[in-house]
1. Which residue is farthest from ASN142 (Cα to Cα), if the candidates are limited to region 112-131 and must be out of contact with any strand residue (DSSP E or B) (no Cβ under 9 Å at 6 or more places or on another chain) and open to solvent by 80 Å² or more (accessible area, probe 1.4 Å)?
2. If I filter region 68-89 for residues that are in contact (Cβ under 8 Å) with a residue 40 or more places away in the chain, in a strand (DSSP E or B), touching a helix residue (DSSP H, G or I) at 6+ places or on another chain (Cβ under 9 Å) and not hydroxyl-bearing (Ser, Thr, Tyr), do I get at least one hit?
3. Say we look at region 23-47 and pick out the residues that are open to solvent by 100 Å² or more (accessible area, probe 1.4 Å), over 15 Å from ASN143 (Cα atoms) and in a helix (DSSP H, G or I); which of these is modelled with the highest pLDDT?
4. Does LEU156 meet the test of being open to solvent by 30 Å² or more (accessible area, probe 1.4 Å), at pLDDT 90 or above and under 19 Å from THR97 (Cβ atoms)?
5. Among the residues of region 145-162, count how many are closer than 18 Å to ILE105 by Cβ, out of contact with any helix residue (DSSP H, G or I) (no Cβ under 8 Å at 6 or more places or on another chain) and either basic (Lys, Arg) or assigned to a loop (DSSP other than H, G, I, E, B) (or both).
6. With (1) surrounded by fewer than 17 Cβ atoms within 10 Å (Cβ to Cβ); (2) more than 23 Å from GLN107 (Cβ to Cβ); (3) more than 22 Å from the chain's Cα centre (by Cα) as the list, and LEU183 as the residue in question, which single condition is left unmet?
7. Can you tell me which residues in region 159-180 are within 19 Å of the chain's Cα centre (by Cα), open to solvent by less than 50 Å² (accessible area, probe 1.4 Å) and closer than 30 Å to TYR115 by Cβ?
8. Only one of (1) modelled with pLDDT under 95; (2) in contact with a Gly (Cβ under 8 Å, 6 or more places away or on another chain); (3) under 13 Å from ILE99 (Cα atoms) fails for VAL135. Which number is that?
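The values are calculated or read from the model by the stated rules, or taken from the named source; none is laboratory data. Just so you know, these numbers come straight off a predicted model, no measurement behind them. No Cβ is skipped: glycine too gets one built from the backbone with ideal geometry, and neighbour counts run over all protein chains shown. Only protein heavy atoms, including side chains, enter the accessible area calculation; ligands, DNA and RNA are left aside. Shrake-Rupley method; radii C 1.70, N 1.55, O 1.52, S 1.80 Å.
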Amino acid sequence: MNWVEVGQVAYKTVLCYFFLLICLKIMGKREIGKISAFDIVVFFVISELFSLSLNEPEHSILRSIIPVAIIVILQLISAFISLKFPKFRRGMEGEMTYIIYKGKILQNEMKKQRYTIEDLLSQLRSKDIQSPEEVEYAILENNGMLNVIKKDQCELVSPDPLIMDGKINHTTLKRLGKEESWLIEELSKTSTPVPKEIFLALYLKSGFLIIPYEDKDNINKVK
């Protein structure tokens, strides 16, 4: 490699570095532990596109920048659609799964997720929990993290929202053995009776926790 090629690689490396920082900022902040499988694929594709350009000094950096820019735009479009359509978000990023629900280990769900009892016990021990008997809910998130709500700390009838982004969660109602008419009747007793005006509604042992939209033009709001 001559000095001209070294200069080309150095120039491309600096440009890729700052371009990647801009892309990551545009795509939004996300904790490493909360990166989904979809995000990981996107990052791998971006890194591979940049490596191709750096390994071929004679080729234009645009060969990497253009496809990466397209991927970032597609990611932004997907994120916007996910805000509007929960089914699309679940399809792209997956869904959380109950491993323990109301104190009962769901063995069929563990089998579907290929989640072993060793995995469960190891995760519980890491959270200073000695036995599944201490757990009311254990939720396997779509990023593979196990979140646990202990029985003596549980204030929820169900961890799943009844309403999220102005939309009724019928899966939660079904799991609770309730109908939509029941929810509408209960909401009529509150100061926010219309589901599409509610940002988040949780079902607690003490009653409903309802958080209405603060901004009428909120991007998440159901039209």
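1. Checked region 112-131; the qualifying residue farthest from ASN142 (Cα to Cα) is GLN130.
2. Checking region 68-89: not a single residue is in contact (Cβ under 8 Å) with a residue 40 or more places away in the chain, in a strand (DSSP E or B), touching a helix residue (DSSP H, G or I) at 6+ places or on another chain (Cβ under 9 Å) and not hydroxyl-bearing (Ser, Thr, Tyr).
3. Looking at residues that are open to solvent by 100 Å² or more (accessible area, probe 1.4 Å), over 15 Å from ASN143 (Cα atoms) and in a helix (DSSP H, G or I), I get PHE44.
4. yes
5. 1
6. LEU183 satisfies all of (1) surrounded by fewer than 17 Cβ atoms within 10 Å (Cβ to Cβ); (2) more than 23 Å from GLN107 (Cβ to Cβ); (3) more than 22 Å from the chain's Cα centre (by Cα) except (1).
7. Once the filter is applied, which keeps residues that are within 19 Å of the chain's Cα centre (by Cα), open to solvent by less than 50 Å² (accessible area, probe 1.4 Å) and closer than 30 Å to TYR115 by Cβ, region 159-180 yields PRO159, ASP160, PRO161, LEU162, ILE163, ASP165, ILE168, ASN169, THR172.
8. Of (1) modelled with pLDDT under 95; (2) in contact with a Gly (Cβ under 8 Å, 6 or more places away or on another chain); (3) under 13 Å from ILE99 (Cα atoms), only one is false for VAL135: (1).
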